[in-house]
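Accompanying notes for the structure given below.
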Amino acid sequence: PRAGRGFLPVSTERAVRGPPGPGLSAPCLCRRERVRAMFYHAYEHYLESAFPYDELRPLTCDGQDTWGSFSLTLIDALDTLLILGNVSEFQRVVNVLQEGVDFDIDVNASVFETNIRVVGGLLSAHLLSRKAGVEVEAGWPCSGPLLRMAEEAARKLLPAFQTPTGMPYGTVNLLHGINPGETPVTCTAGIGTFIVEFATLSHLTGDPVFEDVARKALKALWKNRSDIGLVGNHIDVITAKWVAQDAGIGAGVDSYFEYLVKGAILLQDKELMSMFLEYNKAIKNYTKFDDWYLWVQMYKGTVSMPVFQSLEAYWPGLQSLIGDVDNAMRTFLNYYTVWKQFGGLPEFYNIPQGYTVDKREGYPLRPELIESAMYLYRATRDPTLLELGRDAVESIEKISKVDCGFATIKDLRDHRLDNRMESFFLAETIKYLYLLFDPDNFIHNDGSDFDVVVTPYGECVLDAGGYIFNTEAHPIDPAALHCCRKRKEEQWEVEDLMREFYSRKRTKKFTLKRAPDHGEGEKAKDPEDASSENAGEKRSSKKSSHSLLSCPSQSFNSKLAVLGQVFLDNT
């Protein structure tokens, strides 16, 4: 191992799972266990041959740094370990990361990739730590070593946002900030893919700077959309001039749209959802043809590239989140035909010609079509979606599996391989396949099971489901965002509901005294004044309290997240 890194042994202790739950058929059980075996084949060879480097090179059985020298595969795979039930390895890797990962290094890192993989992975692992049996410190989830690591990594990215427009540079030096001469041209996704991680960080730490910069970047893109409602592919973050004017849903743009929807659900933010729905109208009007989505000129709407990109395959899953399941299934089936043609999704597929595009024939084991299958299966239970999962397992094992892991497919036409296994293979592809075949996984919790934890701000409900996956498939528990600050409006809403309930039932008298809050910026109450107060008195905007129950407030009721879908509520 390199200097400064802790040695990680190869052995992994696997948790023993019981018999399948009532929702798991024998074929699903068999495929789930095949996916588990795929994970360990890749993971153990990473530990043996590549750690502490970022990624495994499976053809030469060694490692390489790719995105910043963070032992990235280990961070990306951490929450997958728990989803597979391996709590002992999760606990051990948490300790290794605390001891071995250092962000004070002279490395030029992608702002986008560091956020989704490192910040997202650490936040997810932090929020899952208690479930994984890690001994959490007092104040969790509002404090903890993984949270501090995530915050440290995110702070290294903040200099990138110091631009006249608020849109970030694409690259930052982790030690020195923005390099002189750094290009100001950034892709749209590299600007609009921060709200999930940065808002979570702000809510957990109490520092609003992260959510503030993420929102400013989102709104800058919105402000600079074209008159017909589209955004281009690359923009100058200094001048706000569009450098690449191709508009579509794929590479360079994709996760911007994804984060408007997921940010809206996570934060119950009506504005973000409204922005996406406006974009969705323009996308349907100008880019959709026979349930395919093409690339068009952002100002004129004329077709510029009649291609399907593999990164676009996330779109049916995103459509399912806004309740547009029928359109999602039709588009998914189009994409599935491409998979069946090649045994994977080529990076670019020429729709009129029905074949790959020159120099874009590869498949780096991307997760997007499997991701959409997982979401749509939760919404529809259509067995066709399980067939895609079966085909994915067969294709990846047959074409990509080598002695030291799974290799990127360089060319789907002749199945030549490339010497790389991206960290997202363990973070996303394997995870979504496993969840597709494991309907009883805790990730799919419908709210029937939950934990109550005590924080410095009162009791908090966690692990009730409704997890929001970031674009690297790291699950965030939305309830955690309401654990680490006092929210008087939420407390009063709960109290009012409880009073109404007991009033109607007329079973007993209900009163609730608010505990005085001596927080920052507020004056301690005189004991005589406090003794005369009770729950029936008029609320003062200057008084706060310790919430007995903190849970997500429904600040707008037009969306309801249930089992991976958001249904319109017209009542």
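The values are calculated or read from the model by the stated rules, or taken from the named source; none is laboratory data. Quick caveat: nothing in here was measured; it's all calculated off a predicted structure. FYI the Cβ positions are ideal-geometry reconstructions off the backbone, even for glycines, and counts take in every protein chain you see. Quick note on the areas: whole protein, heavy atoms, side chains included, nothing else; ligands and nucleic acids left out. Shrake-Rupley method; radii C 1.70, N 1.55, O 1.52, S 1.80 Å.
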> In this structure, is Leu158 buried (at least 24 other Cβ atoms within 10 Å of the Cβ) and assigned to a helix (DSSP H, G or I)?
Replying inline: no
> Which one of these does Ile228 not meet: (1) touching a helix residue (DSSP H, G or I) at 6+ places or on another chain (Cβ under 9 Å); (2) buried (at least 17 other Cβ atoms within 10 Å of the Cβ); (3) within 25 Å of Gln319 (Cβ to Cβ)?
Replying inline: (2)
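Output yes when any residue across segment 220-238 is in contact with a strand residue (DSSP E or B) (Cβ under 8 Å, 6 or more places away or on another chain) and of a type in the set (Lys, Arg), and no when none is.
The first filter runs over segment 220-238 and keeps only residues in contact with a strand residue (DSSP E or B) (Cβ under 8 Å, 6 or more places away or on another chain), leaving 221, 224, 226, 230-237.
In the following step, the residues that additionally are of a type in the set (Lys, Arg) were identified as none.
No, there is no match, as no residue in segment 220-238 is in contact with a strand residue (DSSP E or B) (Cβ under 8 Å, 6 or more places away or on another chain) and of a type in the set (Lys, Arg).
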> Assuming Glu151 fulfils every condition listed in (1) open to solvent by less than 40 Å² (accessible area, probe 1.4 Å); (2) in a helix (DSSP H, G or I); (3) over 18 Å from Asn86 (Cβ atoms) apart from one, which condition is it?
Replying inline: (1)
>> Scan segment 423-444 and tell me whether some residue there is of a type outside the set (A, V, I, L, M), outside any helix (DSSP H, G or I) and in contact with an Asp or Glu (Cβ under 6 Å, 6 or more places away or on another chain).
In response: yes
> In the set Lys216, Lys262, which member is open to solvent by less than 20 Å² (accessible area, probe 1.4 Å) and under 25 Å from Ala150 (Cα atoms)?
Replying inline: Lys262
> In segment 454-477, which residue that is part of a loop (DSSP other than H, G, I, E, B) and of a type in the set (A, V, I, L, M) is farthest from the chain's Cα centre (by Cα)?
Replying inline: Ala464
> Which of the residues that make up segment 435-449 are open to solvent by 10 Å² or more (accessible area, probe 1.4 Å) and either over 30 Å from Leu369 (Cα atoms) or of a type in the set (D, E, K, R) (or both)?
Replying inline: Asp440, Asp446, Asp449
> Which condition number does Pro168 fail, the rest of (1) open to solvent by 30 Å² or more (accessible area, probe 1.4 Å); (2) not in a helix (DSSP H, G or I) being met?
Replying inline: (1)
